[in-house]
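Structure record follows, encoded as structure tokens.
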Amino acid sequence: MNNLNIFLIGFMGSGKSTIAKKIYKKYGYKLVEMDELIEKNENMTINEMFEKYGEEHFRNIESNTLIEMSKENNLVVSCGGGVVLRKENAEYMKKNGVVVWLNASAKSIYDRIKNTDNRPLLKGNMNEEYIKELMDKRYEKYKACADIVIDTDRKKLMEIADEVIEKV
Ligand code: S3P
């Protein structure tokens with residue numbers, strides 16, 4: 001029986017959702033995909049939310065969702081990439097579980113997400129240079145929030161999932 005929550009953080013495309021699913025299937029944690037939950041609750045896509053109401057509105061909903069879900073135990077949460085931008089979110093996650101940062105290079109991130117269009121912050125800027133710039137800006141925030149860091153470049157997905165469980 002697990003009784004702690006695992007919060008997977010990291011840049012867009014760092015593999016949080018895929019790894020969370022593997023941990024859910026193999027280790028029996030309850031799965032929460034934060035962005036999906038937000039889309040379901042708000043009945044619109046993240047893209048639409050950014051377009052209609054702006055980033056600040058999305059961040060408020062993101063923070064409220066985090067607080068609501070963290071009342072439970074045994075969760076593996078795939079967080080939105082920007083959840084660390086608010087200090088109180090970082091504090092909240094650390095208090096309610098173990099925070100695992102899935103780190104990856106800008107090149108791997110770009111290769112993974114270059115053909116997607118569901119990330120409003122990269123709209124019109126889907127290139128490795130911009131990803132690197134945004135990653136650098138957020139680096140200290142991920143670092144400060146993380147209890148555990150896992151480098152995901154050149155690792156198999158199942159290996160990463162096992163490593164998360166070994167380390168938490
Ligand atoms: C964001 C990451 C996205 C989503 C939103 C904002 C960010 O989630 O929450 O587009 O600020 O990094 P993923 O990391 O799941 O793509």
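Bear in mind these aren't lab numbers, they're just calculated from the coordinates by the rules spelled out. Just so you know, these numbers come straight off a predicted model, no measurement behind them. Note: ideal-geometry Cβ built from the backbone for every residue, glycine included; neighbour counts use all protein chains shown.
So here's what we get for this one:
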quantity	calculated
Whole-number percent relative contact order across region 5-167, with pairs defined as alpha carbons under 8 Å at least 6 apart	35 percent
Charge dipole (the chain, unit charges on Cβ, about Cα centre) - positive-most of GLY81, SER105, LEU4	LEU4
Summed side-chain charge close to PHE11 - residues other than PHE11 whose Cβ falls under 15 Å, Lys, Arg +1, Asp, Glu -1	+1
Summed side-chain charge close to ILE109 - residues other than ILE109 whose Cβ falls under 11 Å, Lys, Arg +1, Asp, Glu -1	+2
Estimated [θ] at 222 nm from DSSP helical runs (n ≥ 4, -39500 (n - 2.57)) normalised by residues in the chain, nearest 500	-16500 deg cm²/dmol
Dipole in debye (nearest 20) - the chain, about Cα centre, beta carbon charges: Lys, Arg +1; Asp, Glu -1	400 debye
Local electrostatic count, TYR24, Cβ distance below 15 Å [Lys/Arg +1, Asp/Glu -1]	+2
Whether region 7-112 is rounded, prolate or oblate, judged on the alpha carbon gyration tensor where a/c under 1.5 counts as rounded	rounded
17 Å Cα-Cα reach of LYS71 towards lysines, excluding residues that sit fewer than 8 places from it in its own chain	LYS30, LYS94, LYS95
Straight-distance crosslink candidates among lysines, where the alpha carbon sits under 21 Å from LYS25 and sequence neighbours closer than 8 are dropped	LYS16, LYS155, LYS156, LYS167
